[in-house]
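Undergrad: Once you've had a glance at the structure underneath, I'll fire off some questions.
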Amino acid sequence: MNFNDLKLYLIIVVAGATLWFAKEAYEYNKLQNYLNNIEENQKTIKQSKELTFDQQLELAMERQRKFQIASNKNKVDKYMREVRSKYTKEGHEEKLAVCNYFTDLYKKNRTKENELKYVKACDPIYH
């Protein structure tokens, strides 16, 4: 076994150990999140036993609103990441400028024709 083989072996061992530690850290983080969710749910259940139906309904509606806001934000962020990754910065700025132009046109004159132009200019499906 020469020196180059030994270096290659050490690189492989270090890379493997790093990947293993990263995997363990990820699993630990997932477990902590799961345990935190369980604790939060137990607190909610304990509180819900003490609350009236109207209070429980209000809490449920508030949780649903927060979930919906987070879900919508994630969808928007994902959509914008996809659009940005699809175009270069210059291409993206150009498409955005065209979209803004047709958005303004549609807001000022709401016709079916302007709506189609707006959709085709702003929706990446048509690009």
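The values are calculated or read from the model by the stated rules, or taken from the named source; none is laboratory data. Just so it is clear, the structure is predicted and the values come from calculations on it, not from any experiment. Cβ placement follows ideal geometry from the backbone for every residue including glycine, while neighbour counts extend to all protein chains displayed. Quick note on the areas: whole protein, heavy atoms, side chains included, nothing else; ligands and nucleic acids left out. Shrake-Rupley method; radii C 1.70, N 1.55, O 1.52, S 1.80 Å.
Undergrad: How long, wide and thick is the chain, going by the Cα atoms along their three principal axes, in whole angstroms, largest first?
TA: The Cα atoms of the chain stretch 76, 61, 16 Å along their principal axes.
Undergrad: In whole percent, and with a 1.4 Å probe on the protein chains, what portion of the accessible area of the stretch 1-120 is carbon and sulfur? All intermediate terms of the calculation are to be shown ahead of the outcome.
TA: On the way: 6490 of 10870 Å².
After summing per-atom areas, the C and S share lands at 60 percent.
Undergrad: Quick one: 3J(HN,Hα) in Hz for the stretch 97-102, Karplus 6.51/-1.76/1.60 with θ = phi - 60°, rounded, Gly and Pro as x.
TA: Once θ is set to phi - 60°, the couplings for the stretch 97-102 become 5, 5, 4, 4, 4, 6 Hz.
Undergrad: Please check: in the Gaussian network model of the chain (C-alpha springs, under 10 Å), which one of LEU51, LEU59, LEU19 has the largest mean-square fluctuation.
TA: For the chain, modelled as a Gaussian network with Cα springs under 10 Å, the answer is LEU19.
Undergrad: Per residue, how many Å² of accessible area does the stretch 1-62 show with a 1.4 Å probe?
TA: Numbers: 5820 Å² over 62 residues.
So the stretch 1-62 comes to 94 Å² accessible per residue, rounded to a whole number.
Undergrad: Let me check I've understood the local charge: for LYS78, count other residues with C-beta under 14 angstrom from its C-beta, Lys and Arg +1, Asp and Glu -1. What total comes out? Mind showing how you got there, number by number?
TA: Working: positive: LYS73, LYS75, ARG81, ARG84, LYS86; negative: ASP77, GLU82.
Result for the neighbourhood of LYS78: +3.
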